[in-house]
Amino acid sequence: MARSEVSADGTEFTVPAARHKSKRDFLVPLSEAAQAVQARVPVIGSKGLVFTTNGEAPISGFSKTKCAFDKAVLKSYARATSMPRHQSAGPTMISGVPHAH
């Protein structure tokens, strides 16, 4: 999403024909919540991207972050479920994961 694709009043976003499957410009109304988020995103770089980490390219790498998150959750869950029974008085929640006996 480029800042130039957002209307002056911030209420609409136009997906250019070159990036839309219909090959026509596609107008997307932005909710108040989306408008608030978009308005708070800092300007990074000179390319005019709204969601970027370096100002040169759109945000990417979600799959790597998701994979790392999943591994951390599984490790935490494994630790929680391997707790000896005598350390727990009954069913509890450990790190937000149900601990069953």
Counted residues, region 21-52 - those being surrounded by 13 or more Cβ atoms within 10 Å (Cβ to Cβ) and more than 21 Å from the chain's Cα centre (by Cα): 3
Pick from region 67-85, criterion modelled with pLDDT under 85 and charged (D, E, K, R), ranking: farthest from residue 2 (Cα to Cα): 85
Condition check for residue 8: part of a helix (DSSP H, G or I), at pLDDT 90 or above and at negative phi: no
Unique residue being at pLDDT below 90 and loosely packed, with under 10 Cβ neighbours inside 10 Å when the list is 61, 55: 61
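Here's the yes/no breakdown for (1) touching a helix residue (DSSP H, G or I) at 6+ places or on another chain (Cβ under 7 Å); (2) assigned to a loop (DSSP other than H, G, I, E, B); (3) of a type in the set (Ser, Thr, Tyr):
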| residue | (1), (2), (3) |
| --- | --- |
| 13 | yes, no, no |
| 34 | no, no, no |
| 37 | no, no, no |
| 44 | no, yes, no |
Failed condition for residue 18, given (1) free of Cβ contacts under 8 Å to residues at least 12 places away in the same chain; (2) assigned to a helix (DSSP H, G or I); (3) surrounded by 10 or more Cβ atoms within 10 Å (Cβ to Cβ): (3)
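The values are calculated or read from the model by the stated rules, or taken from the named source; none is laboratory data. Just so you know, these numbers come straight off a predicted model, no measurement behind them. All Cβ positions, even for glycine, are placed from backbone atoms using ideal geometry, and neighbour counts span all protein chains on display.
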